[in-house]
Structure formats: structure tokens, C-alpha cells
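Taking it in order: structure first as C-alpha cells, then the write-up.
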Amino acid sequence: MNEMIKNIHNRKSVRVYEEKIVSPEEKGMIIDAAIQAPTAGNQMMYTIIDVTDGDLLKKLSKSCDNQPFIAKAKMALIFCADYQKWIDTFSIVEENPRKPGVGELLLGCNDALIAAQNAVIAAESLGIGSCYIGDIMEKFEYHKELLNLPRYVFPVTMIVFGHPTEQQKNRSKPKRFDKKYIVHENAYHKMDSAELRSMFEDRAALTPNVSFDFAKWVHAFYKRKYDSDFSKEMTRSISEYIKLFDGK
Ligand SMILES: Cc1cc2nc3c(=O)[nH]c(=O)nc-3n(C[C@H](O)[C@H](O)[C@H](O)COP(=O)(O)O)c2cc1C
């Protein structure tokens, strides 16, 4: 394995940080790596909001599903899909430009997320941990005002960074599903219930000394992650953003 691939394999989410700051040089390298990401048509349909205000970070730690570790991060970047700058540019020259639709929203999300993952891997290579915060897509009305987001800007993810504590360095990385369930050859293969069960059981078997009850685990997961208030709020909030990209 080369160093790049080792970094990708070793990277895991870090949620507890040393007091040590992320230096301006480190931050510069992380952001520059994000900006080197490919984007559709080299349009860079994203904007990064660099959260440097501690009070703002505290507010975000509350609005993003009350996760106190966010407020303790040493650096935080919000990656926004951004079609505003393009429609504003078109409007300078075109009399009646077509209004952005969901295609522009999704393409902007692709650009923003690819750049975000570059930042994560660059940070890992510098020994700096990171954690994605998907809850930035929640609370449409609040985040729009807090971050001064214009109509065609959607905050698709936040990433918080900091140097990992020893405990975080030693924490084992959650196991992934086996490749055979993830890679389908040539066409999509819809899994039946036996295959789905095996997918979870195979993964659980990779964690020694932990017993796994499929039905109990799935039920608890359904309640905690899917049929939960934050998840319903996420769907509500994102539908509000999507309404703005209606092409009208
Ligand atoms: C889109 C996305 C949103 C996430 N949101 C959160 C979050 O709000 N809070 C959190 O603690 N972790 C969050 N995570 C981290 C995941 O829980 C984590 O990546 C996953 O459990 C796998 O663990 P690992 O990153 O340590 O390998 C998010 C990850 C992704 C990719």
C-alpha cells in the first residue's frame, strides 16, 4: 500500500481533539487540497464557509442536532453547493437566463462533496482528524439566516477538524460492508432478504466479542437514525432548499 492509500484506509472520524490549534499553514494546505478537486466543467459550483468565529461555531453545535464536540473543533468548514455565482454571472450578460433547477443543485452537491473529501484526506495526511456533520442540511430557515445564504446556495456538509487525542487515535475504525455487497458487476443487483441479512452478519463478524442480533440491531437503528426527529427534520429542511431550485 502506498502512503496515499494507507491514509484513505486509516482515516476515521475524530470527535475529541487536543487543545493544539490547526496552524494557518495546515489550514491553508487543507483548503488548497479541497480546491484542487475536479468539478463539473471546472465550474467550481461550491463555496467554502470558513467558520472562524467561536460563537458561530457554538450556535452550529446546537443547531446541528446538539453535538457539543462541534464547538470544541479547532477548525470548521461548511461546503455549500453554489449556483448563485453562476446565475449572477450569466445575468450580467444574458437578458433572461434560465433559472437554476435540481440538476444544478445536484451537480453543485457533487462538486462540494468531492472537494470536501479532498480536505478530509489532506487533513489525515497531516495527522489532523475530521468529522463530517450532515446536520448542517437541517433547520433551513435558521441556517439560511445565520450564514447569510442566498437563494441558490445549499450547505451540503460541514466538516470539523482537530488533532486527535490518544484515545481517538486508538479507537478502532468501524468496519465496512464486504466489497461483494457494494460492487455490482455491469448492472444493479437487488439483494433479497437472505443476502441483506448476510451483509450485516458478515460485517458484525469482523468485530470480535460482540454478539449480533439482526432484528434487534435493525430495529434499534431504524428508530435511532431513520424514524428519528433529526432525520425527519433533515427531509423537511432539504425539501425547502429544493423548492428554491424549481427552475422558475
Ligand atoms: C454525510 C455524513 C454526515 C455525517 N454526519 C455526522 C454527524 O452529524 N455527527 C457525527 O458525529 N458523525 C457524522 N458523520 C460521521 C459518520 O458517522 C462516520 O463517517 C461513520 O460512522 C463511519 O465511521 P468513520 O468515519 O469513523 O469511518 C457523518 C458522515 C457523513 C459521510
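The values are calculated or read from the model by the stated rules, or taken from the named source; none is laboratory data. Being a predicted model, the structure only gives us computed values, none of them experimental. Because the Cβ atoms are built from the backbone with ideal geometry, glycine has one as well, and the counts that use them run over all protein chains shown.
What is the residue count in segment 55-73 for residues that are in contact (Cβ under 8 Å) with a residue 24 or more places away in the chain and of a type outside the set (A, V, I, L, M, F, W, C)?
Adding up the residues that qualify gives 5.
Evaluate the following for Glu18: is it under 30 Å from Lys175 (Cα atoms) and in contact (Cβ under 8 Å) with a residue 60 or more places away in the chain?
yes
For the structure I just gave you, tell me whether Ser211 is surrounded by fewer than 14 Cβ atoms within 10 Å (Cβ to Cβ), within 13 Å of the ligand (Cβ to nearest atom) and of a type in the set (S, T, N, Q).
no
Considering only helices (runs of 4 or more DSSP H) fully contained in segment 48-132, which possess at least 2 residues that are in contact with a helix residue (DSSP H, G or I) (Cβ under 7 Å, 6 or more places away or on another chain) and surrounded by 15 or more Cβ atoms within 10 Å (Cβ to Cβ)?
In segment 48-132, the matching helices (runs of 4 or more DSSP H) lie at 54-63, 102-125.
For the subset of segment 150-176 comprising residues that are of a type in the set (D, E, K, R) and within 30 Å of Ile238 (Cβ to Cβ), which member is farthest from the ligand (Cβ to nearest atom)?
Arg151
Check Lys6, Lys20, Lys27 and return the single one that is away from the ligand (no atom under 16 Å from the Cβ) and assigned to a helix (DSSP H, G or I).
On inspection, the qualifying residue turns out to be Lys27.
Residues to consider are Ala40, Ala73, Ala33; find the one that is assigned by TED's automatic domain parsing to the domain that holds Phe140, within 16 Å of the ligand (Cβ to nearest atom), among the aliphatic types (A, V, I, L, M) and closer than 21 Å to Pro155 by Cβ.
Ala73
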